[in-house]
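The values are calculated or read from the model by the stated rules, or taken from the named source; none is laboratory data. Being a predicted model, the structure only gives us computed values, none of them experimental. Please note: Cβ atoms are built from the backbone with ideal geometry, for glycine as well, and neighbour counts cover all protein chains shown.
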Amino acid sequence: MEKETSTSKKLLIEEFTRLSDLIKSKYGVSLWLVEIMGKRHSYVAGHKEESFLPPQVIYLNERFAIVSNNWDKIPEKEKKKLINHLKKFSGT
């Protein structure tokens, strides 16, 4: 079971990295993937961006979330596609 979890997490990270690179080049928006551990959100992958404003957190499930400072710059249709696609990789 542990090996299966590690494999699925690795696939999620690979797919997220590919998609976050695409979003960054297309819309200039940085996205990063975090793993939720209790109240703590731990960086896993993506283009982390420092800002004075609090980032927006988009939950994929109880274990993973997408974080972005400029989520609103991505068209609504693209956001929905991204979330639905990543949910498949995150186990929901």
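Of the residues making up the range 71-91, just one is surrounded by 15 or more Cβ atoms within 10 Å (Cβ to Cβ), touching a residue at least 60 places away in the same chain (Cβ under 8 Å) and out of contact with any Phe, Trp or Tyr (no Cβ under 9 Å at 6 or more places or on another chain), namely L82.
Among E2, E49, which is among the acidic types (D, E), surrounded by 15 or more Cβ atoms within 10 Å (Cβ to Cβ) and modelled with pLDDT under 95? Let's see the steps before the verdict.
Working: E2 fails: surrounded by 15 or more Cβ atoms within 10 Å (Cβ to Cβ).
Answer to the selection: E49.
Listed by first and then second residue, the pairs linking a residue in the range 44-56 that is at positive phi to a residue that is among the aliphatic types (A, V, I, L, M) and surrounded by 14 or more Cβ atoms within 10 Å (Cβ to Cβ), with Cβ atoms under 6 Å apart and 6 or more places separating them unless they lie on different chains, are G46/L31; G46/L33. Within the range 54-83, if we keep just the residues that are of a type in the set (A, V, I, L, M, F, W, C) and part of a loop (DSSP other than H, G, I, E, B), the residue that is nearest to K26 (Cα to Cα) turns out to be I74. Just one of the listed residues (S68, S42) is surrounded by 14 or more Cβ atoms within 10 Å (Cβ to Cβ), in contact with an Asp or Glu (Cβ under 9 Å, 6 or more places away or on another chain) and farther than 17 Å from S8 by Cα, and it is S68.
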